[in-house]
Amino acid sequence: MEKITIIKWAAFVTATFLAILTIFVIPRLHREIPDVPGDDRHIKVSKLSECIPCHSESGVHPLPSGHVARGQCLYCHKMTDS
Ligand code: HEC
Ligand code: HEC
C-alpha cells in the first residue's frame, strides 16, 4: 500500500516535470530568438494584441514563415530595457 503511494507520487512529479519541459523549454531551444527592438514603435506597446497589426501578413513587418501566428509574443521575445 505504502509503496504504491510513493510510486504514484513519483510518477506524478515526473509527468509534471516533463510537461513543463515540453511546454516551456523545448520551443525556446528551437532557434535563436530576436529581442523586441527598443525603438519608438515597440516601447509604446503595452498589449500583445497591438503586436498583431504590424506583424501580421499584411502589416509593416510580417512574421517569417513557420512562425507561430499568435500567442505570448513576450514569452519568447524579450523587451529590451532601455
Ligand atoms: C507600429 C508597428 C509595430 C508594432 C505595434 C510592433 N512592431 Fe515589432 N517591428 C516593427 C517593425 C517595422 C520591425 C522591423 C524594424 C525594426 O527593427 O524596428 C519590427 C521588428 C520586430 C522584431 C524583430 C527584431 C529583429 O531583430 O529581427 C520583433 C521580435 C518584434 N518586432 C516583436 C514585436 C512584439 C512582440 C510586439 C508587441 C509587443 C511588436 N513587435 C509590436 C513594427 C511593429
Ligand atoms: C514560441 C516562441 C515564439 C513566440 C510565442 C513568438 N515568437 Fe516571434 N520568433 C520566434 C523565433 C524562434 C524567431 C526567429 C525567426 C524564425 O522563425 O526563424 C522569431 C522571429 C520573430 C520576428 C523576426 C522576423 C525577422 O524578420 O527577423 C518577429 C517580428 C516576431 N518573431 C514577432 C513576434 C510576434 C509579434 C509574436 C506574437 C504574436 C511572436 N513573435 C511570438 C519565436 C516566437
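What follows is calculated from the coordinates using simple rules that are stated; it is not laboratory data. Because the structure is a prediction, the values reported are computed rather than measured. Cβ: placed from backbone, ideal geometry, glycine included. Neighbour counts: every protein chain shown.
The figures follow:
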read-out: Of ILE52, ILE43, ILE23, the one that fluctuates the most in a GNM where the chain has Cα springs shorter than 10 Å; value: ILE23
read-out: At R0 = 30 Å, FRET efficiency that the Cβ-Cβ distance of SER65 and THR14 yields, to 0.05; value: 0.25
read-out: Difference of contour (0.36 nm per residue) and Cα-Cα distance, LYS3 to GLU57; value: 13.9 nm
read-out: Karplus-derived HN-Hα couplings along segment 5-16 (A = 6.51, B = -1.76, C = 1.60, θ = phi - 60°), whole Hz, x at Gly and Pro; value: 4, 5, 4, 4, 4, 5, 5, 4, 4, 4, 4, 4
read-out: Between segment 1-25 and segment 33-82, the Cα center-to-center distance that results, in Å; value: 35 Å
read-out: Normalised contact order of the chain, rounded percent, pairs of Cα under 8 Å and 6 or more residues apart; value: 33 percent
read-out: Interchain or long-range residues, amide H under 5 Å from VAL36's placed H; value: LYS78, MET79, THR80
